[in-house]
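Asker: This is the structure, below, for whatever I ask next.
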Amino acid sequence: MANQYHDGSTAQQHRGRPALPGRRARRAGIPVLLGAALATALLSGCGKDGGSSNVSAPQTLPGSANPASGDATDSAPADTSSAATPGATAATTTGANGTTTTANGGSGGTGATAAATDRCHTADLRASIGPNDPGAGQENFPVVLTNRSSRTCTVYGFPGLAFVNSAGQQVTVDPERNTGQAKQRVTLAPGASAWSPMSFSNPDITGVTTVVPAAVLVTPPDERTSLRVPWNGGKVSNTGKASVPRLGPLQAGTGA
């Protein structure tokens, strides 16, 4: 006996009927919807794990030394060794205190990355202010950076510097830079030092208003973190009219 459906029709009769469009459409739509959902999930996963993320730029805190990044406006010279730059010349002098001064004698090469790799970071250094060596109405202090790490590193250019009060707020104008002096990359072995000459006219002679800072914030070249050093040098001009401190580029030694 032939199988009968609920409506009384046989299977043979049922095969002859046209298919219901709604039922077939619903069945056909199931894999389409599943495929779309899967694609959406995969794309969402790529957005979270495989895409690039925005990282906030370093923030400069109020009262930090200006310029905050030391000598960031200038690039260190390329490595002038013959292996890095064919045909380049370099004069290298190694001092008794472990400093090595390299004067760039060639054209720029591909060694800039290597030079940046071994530069000194703030954590590698200790800052200090040497004794005053006054003369001809000028106050002259060496700003010293000493390598306190166990690795050899380099410094190049000008440090950042700011006179601050006990609360860490800057109380003077930014020092000027003596751009007439040639910059040189100084290699510091552990325990070796480099210094930047800081000079300004005696404020009593120029008659400007003054302030006695509590400390100096020294920022190594190309760094954003400062080193705090107590200031025992007396009065400093708090105006840009006269007696503005001027810094020279870093050089090997302590300035003593």
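The values are calculated or read from the model by the stated rules, or taken from the named source; none is laboratory data. Predicted, not measured: the structure shown is a model, and the values here were computed from it. In case anyone asks, the SASA skips ligands and DNA or RNA and just uses the protein heavy atoms, side chains included. Shrake-Rupley method; radii C 1.70, N 1.55, O 1.52, S 1.80 Å.
Asker: Would you please give the residues with an amide H less than 5 Å from that of R119, counting only those at least 5 places away or on a separate chain, with H modeled from the backbone geometry?
Answerer: It is T154, by chain and number.
Asker: Give me the percent of accessible area attributable to carbon and sulfur for region 105-237, probe 1.4 angstrom.
Answerer: 49 percent
Asker: With a 1.4 Å probe and all protein chains left in place, how much accessible area per residue does region 170-225 have, in Å²?
Answerer: Result: 42 Å² per residue.
Asker: Based on alpha-carbon centroids, what's the gap between region 144-180 and region 181-256 in Å, whole number please?
Answerer: Here the answer is 7 Å between Cα centres.
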